[in-house]
Amino acid sequence: MRRWIPHPLLALGLTLMWLLLNQSVSPGHILLGAALAVVATHGLAALRPEPVQIASLRPVPRLLFTVAADIVRSNIAVARIILFGKRGVSEFVRLPLELGNIHALTVLALIITATPGTMWVQFNRASGILLVHVLDLKDEEEWIRLIKDRYERLLLEIFG
């Protein structure tokens, strides 16, 4: 079954979404939606080179709370910059990472990109160096320590 439809629940969800968006449950729309869903799930299977390996779920709530708090704090900081114009220098920071797991790196990319004032720019897999753009950089070492201590350490616990 998995050879024909690599992700059956996703295929079902995509088919249902197709029917909802088209506001029709005609046989033609059901067949077309199902065919597109099967093609899409095969494309997704080709993009996913390694399975997710979770070492521990215990740090997940702490990571979620930390990310939520940092996003709120960063929103306030960026609002102050916009409203009052006082900011440090906009710079690129090179962060040496221990993370190698593609899924952990993806989560880190989402965290950094979702946090206002920072942007994931580039990751060099060979050297393990992550390039991040920081809108309001005051202390580069503090940023490196912040990302390594607050995010990377927890992601290493989660993904092993």
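Just so it is clear, none of the values below were taken in a lab; they were calculated from the coordinates. Given the structure is predicted, the values throughout are model-derived calculations rather than measurements. Cβ: placed from backbone, ideal geometry, glycine included. Neighbour counts: every protein chain shown.
Tally Lys and Arg at +1 and Asp and Glu at -1 over the other residues with C-beta under 14 Å from the C-beta of residue 108: what net charge comes out?
Here the count lands on -1.
Using a Gaussian network model of the chain with C-alpha springs under 10 Å, which one of 100, 28, 88 is most mobile by mean-square fluctuation?
Checking each option, the largest mean-square fluctuation is seen for 28.
Any idea what the relative contact order of the chain is, in percent, if you count C-alpha pairs under 8 Å spaced at least 6 apart?
Once normalised by length, the contact order is 25 percent.
In the chain, which longest range has no trypsin sites (Lys or Arg not before Pro) that are both DSSP loop (not H, G, I, E or B) and surrounded by at most 10 other Cβ atoms within 10 Å?
With trypsin sites (Lys or Arg not before Pro) excluded where exposed in loops, the chain gives 4-85 as its longest stretch.
Can you tell me which of 45, 68, 55 moves the most in a GNM of the chain? Springs connect C-alpha atoms under 10 Å apart.
45
Once every Cα of segment 41-160 carries one equal point scatterer and solvent is ignored, give the base-10 log of I(q)/I(0) from the Debye formula at q = 0.21 Å⁻¹, two decimals.
Evaluating at q = 0.21 Å⁻¹ gives log10 I(q)/I(0) of -1.24.
Say we join alpha carbon atoms closer than 10 Å with springs in a Gaussian network model of the chain; which of 30, 112, 54 then has the biggest fluctuation?
Per the Cα network of the chain with a 10 Å cutoff, 30 tops the list.
Any chance you could tell me what percent of the C-alpha pair distances in segment 8-47 go past 14 Å? Could the numbers behind the result be given before it?
Values: 309 of 780 pairs.
So the pairs more than 14 Å apart make up 40 percent of the total in segment 8-47.
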